[in-house]
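Scroll down for the structure; my scribbles are underneath it.
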Amino acid sequence: MLSEILKSLREEKEISIEKLSKELNIPASQITYLEEGDFSKMPAKVFIRGYLIKLSDFFDVDFDGIWNEFLKQYIVGKKRLPAPKENQKKIPKKNKYLKIIPAILISIAIIIFLGNQAKILLWPPKLDIQNPRENMITQDEQILVSGWGRKNSHITINGQKIYLGDDGFFQENVYLKMGVNEIRIEAKNSLGKTKTIQRMVTRRYIATEFIR
């Protein structure tokens, strides 16, 4: 075999692989692979041919004989055939499905999250008014306006920005003039989508009859 021939020739000359590598400018790893017959780790045959020409000249042996030995061993040892399918380890289908379930769940969670974010941005912002009720009549000079919006929304009452709590709750006192007062509550999100609610509140004196 070529591997045995090359190793025997080198040992007869009492030269190490490292020294032979420097002498012939052949990587030491390639000489080792040739002596072991491990052609699967070597480059194309054209490069191996060049190595064998150098080695034949150095050891003063017939190149054709060396090359023919290489071709015989190359055909047998270059590549190992893959194991038959029936001998390969099979992964149960159930295990395959279990591996992709986390990825599917993560994908669903991302889709839901993005959908909610789109809903928040593209739909009119949340705005619910607790007080005052519609067409309210009072004799007080001010009224408490309260309700809920979405956190980070821009809330105004009659054009005046108000504070929105962490839970989305807000409240603000609004002074009333005599007669009908229009209270305009507006919520606006970062994309400029708005929602407006109006409440009409009437302030008037309530007559009181005195009995003498």
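If the segment from Ile197 to Ile137 were pulled out straight at 0.36 nm per residue, it would be longer than the present Cα-Cα gap by 19.8 nm. Most tightly packed first, judged by the mean number of other beta-carbon atoms within 10 Å of their residues, the peptides 142-150, 106-114 read 142-150, 106-114. Here the gap between Ala103 and Thr156, fully extended at 0.36 nm per residue and compared with their Cα-Cα distance, gives a gain of 14.7 nm.
Placing unit charges on each Cβ (+1 for Lys and Arg, -1 for Asp and Glu) gives the range 128-212 a dipole about its Cα centre, and among Ser190, Tyr163, Tyr175 the Cα reaching farthest toward its positive end belongs to Ser190.
None of the figures in this text is laboratory data; all of them are computed from the coordinates on show. Everything numeric in this text was worked out from a predicted model, so none of it was measured. Note: ideal-geometry Cβ built from the backbone for every residue, glycine included; neighbour counts use all protein chains shown.
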